[in-house]
Amino acid sequence: MLAASFVLVVEILENLAFLANASNLVLYLSKFMHYSPSSSANIVTNFMGTAFLLAVLGGFLSDAFFTTYRLYLTSAAIEFMGLLILTVQAHTPSLKPPICASASTEIQCEKVNLQKAAMLFTGLYLVALGVGGIKGSLPPHGAEQFDDTTPQGRKQRSSFFNYYVFSLSCGALIAVTFVVWIEDNKGWQWGFGVATAAILASIPVFLLGSPIYRTKIPAGSPITTMFKVLIAAVYNNCKSKNPSNAVMGMETSPSSYTTETGEEGNATKVKVPSQTLTEDLEFLNKAVTELTVSPMLQCTVKQVEEVKVVLKIIPVFMCTIMLNCCLAQLSTFSIQQAATMNTKIGSLKVPPASLPVFPVIFMMLIAPTYNHVVIPFARKVTKTEMGITHLQRIGTGLILSIIAMAVAAIVEMKRKKVAIESGLLNSAEPLPITFLWIALQYLFLGSADLFTLAGMMDFFFTEAPKSMRSLATSLSWASLSMGYYFSSVLISMVNNITSIFRHTPWLFGSNLNHYHLERFYWLMCILSSLNFFHYLFWANRYKYRTESTAD
């Protein structure tokens, strides 16, 4: 736990650096780079989607070639360079478009030119590359510190994932309060500067734990094993009429199986589902044959069973994408909604990008409560090691996301009603309605994020074969990525379809008051509900590896 604690502190600093800009970036792009609200939203979702998708690359490299230790240090250096470029651009007026002095939403400002946009996107995507490497290596690095051959080790690892999300929230809390206030009041160059300093400080903190870290040695590409099994299965199924291609049982090749498990230690012996081929995904069983077209396609029972596990967790992964599409709205349209409203609490004026402070604080309160109260109680009631299963946690998050989208639609209807009644539809003045209404959807989506992200990480790490754990854990971030990309696609599709039936699409223009955002939120609520039923179909059929573990 001591070794993992260094990872948790590093994650606070890393997430501070990432979210300090991501949470407020949509306003920077619209106010200082003069992109339209919908363009700004798409740039942010594409940037964050790329960052999280690159976590898959980070997980793959950790498993196959680098250690999680080395990959973190390399990725932190890359993110530092990207933030440095953004800091320089924000500090230098000549590297940004001229300031737009107009207060009217109807007058267009001068857009950013190609050279300045190139610098902006170079910095952003260097940050995305660094963030991807860190997200793909840091969670599995922390989880590797625990002994999964003992119940105590597995319980501590589950606690680690809960506190990993807690650390994410700590970094986010500082980002959306202190750093966002600096960006809005002192200038974006100072905000980027704080983020740059934070990621730089995370490197020596990470290095402090070097003497006590346990680090898994890369065992080669897990993707190669997957493709080998799939190709061998397809080839041997096509040749199944030939009796020489009969499937071997474990008893015909015990030596290869024993050697492989011996290399990976007792943990693998515990986690291998059985010593014979299972009936699940039976078409893969023919990858294990006496004769193959090439020795390179010779597969062991262990390899086939590992590929089966990976294929069985993919449907669960796919069902979480819609939830993350809902989460994407927290850093785009929700911020822009709040920017049109009264952001004062008493005499204190709150920056719109500080809205995520509500779910962040709630997550910081509920994470320890869940870990120290809910889980122990659930273990006593169910008399199981997990108490609440990973799939139950993920399902809870999906339900909360449905509620969040319904709340978001109702709040937007109220906001537009106030804009119409006060005659401020075409004005840039704040509407006479408090931005705290937006906080309601943040609370539900923040709770959904807590349940789903920690549940996904623990689920993918626990269920995946040992040689693929970093890659499997990075699926949690890939789900976020797909959610952000799907958000961009959904916005484009909605605009294209609605422009056929109306002169103006639902989500188009520079004035958010003319958007039909409430219809978009209702659409997402319906899609989330359909997705939940899809999730139930797969979750009810999933069998945990530990349930079929041999004595």
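The values are calculated or read from the model by the stated rules, or taken from the named source; none is laboratory data. Since we're looking at a predicted model, the values are computed, not measured. When we count neighbours, we look across all protein chains shown, and the Cβ atoms used for this are built from the backbone with ideal geometry, even at glycine. SASA here: full protein model, heavy atoms, side chains in, ligands and nucleic acids out. Shrake-Rupley method; radii C 1.70, N 1.55, O 1.52, S 1.80 Å.
Calculated FRET efficiency, residue 377 and residue 534, Cβ-Cβ r, R0 30 Å, to nearest 0.05? So the FRET efficiency works out to roughly 0.50.
Of all the stretches in the chain, which is the longest one without any exposed loop site, taking GluC sites (Glu not before Pro) in a DSSP loop (any state but H, G, I, E, B) with at most 15 other Cβ atoms within 10 Å? For GluC sites (Glu not before Pro) (loop position, at most 15 other Cβ atoms within 10 Å), the longest site-free span of the chain is 111-278. Helix 151-174 and the longest principal axis of the C-alpha atoms of the chain enclose an angle of approximately 20°. Straight Cα distances below 18 angstrom link residue 186 to the lysines 31, 96, 349, with same-chain residues fewer than 8 positions distant left out. The mean accessible area for residues of the chain, using a 1.4 Å probe and ignoring ligands and nucleic acids, is 42 Å² per residue.
Taking label positions 7 Å along the Cα-Cβ direction at both residue 189 and residue 215, the computed distance is 3.8 nm, reported to one decimal. Taking a straight Cα-Cα cut-off under 21 Å and skipping sequence neighbours fewer than 8 places away in the same chain, the lysines within cross-link reach of residue 380 are 155. Using the beta-carbon distance between residue 276 and residue 70 and R0 = 45 Å, what value does 1/(1 + (r/R0)^6) give for FRET efficiency, to the nearest 0.05? That gives a FRET efficiency of 0.75.
Of the trypsin sites (Lys or Arg not before Pro) in the stretch 351-383, which ones lie in a loop per DSSP and count no more than 12 other C-beta atoms within 10 Å? Walk me through the numbers before you get to the answer.
Numbers: sites: 379, 380, 383; in loops: 383.
Passing sites in the stretch 351-383 are 383.
Here residue 417 is the anchor, and no lysines lie within straight C-alpha reach of less than 17 Å, apart from those fewer than 8 places off in the same chain.
Between residue 344 and residue 314, the modelled labels are 5.6 nm apart [label points 7 Å from Cα along Cα→Cβ].
The H on the amide N of residue 433, modeled in the peptide plane, is under 5 Å from the matching H of 342, each at least 5 residues off or on a different chain. With each label modelled as a point 7 angstrom along the Cα→C-beta vector, the residue 95-residue 361 pair spans 3.6 nm. Which label marks the calculated value of Cα Rg over 2.2 N^0.38 Å, given the options (1) 1.36; (2) 0.98; (3) 1.03? Recomputing Cα Rg over 2.2 N^0.38 Å here picks out (3). For the stretch 394-425, backbone nitrogen atoms closer than 17 Å to the point 7 Å from residue 436 Cα along Cα-to-C-beta are found at 411, 415.
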